[in-house]
Amino acid sequence: IRKLRARLNRGDSWLTRDLGSLFRNERLDDDALDEIETRLLTADAGVEATEWLMQRLRAEVGAGRVRNPQQLRAALKKALVELLAPVAQPLRIPDFIRPYILFVAGVNGVGKTTTIGKLALHYKREGKRVLLAAGDTFRAAAVEQLRTWSERAGVPMLAQGEGADAASVIFDAVQSAKSRGIDVLIADTAGRLHTQAHLMDELRKIKRVVQKHDPYAPHEVLLVVDATTGGNALVQALQFHEAIGLTGIAITKLDGTAKGGILLAIARRLALPVRFIGIGEAVEDLQPFDADAFAEALIG
Ligand code: GDP
């Protein structure tokens, strides 16, 4: 939690900064509540999550349970946990599905490759045999970037030549995973094609092809979004979810932003499992999402 707090807040807790100054005569007035509301909105928590949280907070204040900064902190934390706990579902991979097929999607630049590298190491450390499939065949550098991560994590990677058909790369990777006794196949997918429609078509095609191996695959379709893009992260999540059906989200770069509220907006709007959060560039900077720890870190 200490590391999470240091990374999230960078020494400045946007949500609870100067809480003491919000109290006059041991009561929290409407101005103070408005201030908290503003802080949430400024941090990109969005209208829906903000209203939901404020309603809970107002109820606590109205009932006379918030009379000092400590109580306000506690009330805020309780509301945050209530919002986040239902979506805090880290991805645990069962050993009875083999290979477990995990698609990773996301727009270029959000940290998709980095997240795949971190995931590979995460599952390898659990004792699983991991294989990467270089399914982002559209961007020239993507395969090499993924190779660097596969070496760093010490897991094998399958790729075909530049411009190869992504569906065929991933189909072959599933074949290979089966014959090599791989536990987890992590498939990279394109982050951009000529158009948004092309991209979604390709993702759907990859899904269809993999289902020839296993009708229930992919077992996870994980979307990576970048917290620093604020509202765009939410828009991307909605678009991908509508087009290909997501089963989980990873939110990166929460360390690089004062806009960490976007996680609250995503939790409230999408109600999709939040699997992991990225809080730095290093391989160990991917954490399974824990509502309590996150709320505690936000409160500062
Ligand atoms: P891709 O285009 O989506 O595959 O993005 P990359 O994985 O290449 O990442 C883009 C940049 O974001 C790189 O410089 C990464 O080091 C950086 N990055 C990825 N995840 C995080 C994170 O959680 N925190 C920070 N600060 N940077 C990150």
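For this structure, a couple of remarks:
- Surface share of carbon and sulfur [accessible, 1.4 angstrom probe, percent] for the range 64-193: 49 percent
- Using distinct alpha-carbon pairs, which all enter the 1/r mean, Kirkwood radius of the chain in Å: 20.1 Å
- Spatially proximal lysines relative to Lys178 (Cα-Cα < 27 Å; intrachain offsets below 8 disregarded): Lys112, Lys118, Lys124, Lys128, Lys205, Lys207, Lys212
- Considering only Trp52, Ile1, Thr38, the residue lying farthest towards the positive end of the dipole of the range 1-52 is Ile1, judged by Cα position with unit charges set on Cβ.
- Amide H contacts of Thr252: Val225, Asp226, Ala227, Gly278, each under 5 Å away and 5 or more positions distant or on a separate chain (H built 1.01 Å from N in the peptide plane; Pro and chain starts excluded).
- Selected from Phe171, Phe96, Phe23 as most flexible by GNM, with the chain as the system and alpha-carbon contacts under 10 Å: Phe96
- Shown is the FRET efficiency for Gln175 and Asp201, computed with R0 = 22 Å from the Cβ-Cβ distance and rounded to the nearest 0.05: 0.45.
- Cα shape, the range 189-290, gyration tensor, a/c 1.5 rule: prolate
- DSSP assigns beta bridges within the chain; of those with both partners inside it, close to 15 percent run antiparallel.
- Charge dipole (debye, nearest 20) of the chain; +1 at Cβ of Lys and Arg, -1 at Cβ of Asp and Glu: 680 debye
- Cα gyration tensor shape for the range 34-131, rounded if a/c is under 1.5, else prolate or oblate: prolate
- Linear extension gain, Arg192 paired with Gln55, 0.36 nm per residue minus alpha-carbon span: 45.3 nm
- Cα gyration tensor of the range 54-185 - equivalent ellipsoid semi-axes, whole Å, descending: 43, 17, 13
- Candidates Pro69, Ala295, His194 compared by Cα position along the dipole of the chain: farthest toward the positive end lies Ala295, with charges placed on Cβ.
- Value of [θ]222 nm, deg cm²/dmol, for the chain, DSSP H segments ≥ 4, -39500 (n - 2.57) each, nearest 500: -15000 deg cm²/dmol
- Cα convex hull of the range 60-99, projected area averaged across orientations, nm²: 4.1 nm²
- Average accessible area per residue (Å²) across the chain - probe 1.4 Å, nucleic acids and ligands excluded: 43 Å²
- GNM flexibility winner over the chain from Ile277, Ile101, Ile244 (Cα, springs under 10 Å): Ile244
- About its Cα centre, the dipole of the range 227-300 is roughly 360 debye, where the only charges are +1 on Lys and Arg Cβ and -1 on Asp and Glu Cβ.
- Ignoring lysines fewer than eight residues from Lys78 along the same chain, the ones with Cα atoms less than 27 angstrom from its Cα are Lys3, Lys253, Lys259.
The values are calculated or read from the model by the stated rules, or taken from the named source; none is laboratory data. If you're wondering where the values come from, they're calculated on a predicted model, not measured in any experiment. Please note: Cβ atoms are built from the backbone with ideal geometry, for glycine as well, and neighbour counts cover all protein chains shown. To get the accessible areas, we keep the full protein, side chains included, count just its heavy atoms, and leave off ligands, DNA and RNA. Shrake-Rupley method; radii C 1.70, N 1.55, O 1.52, S 1.80 Å.
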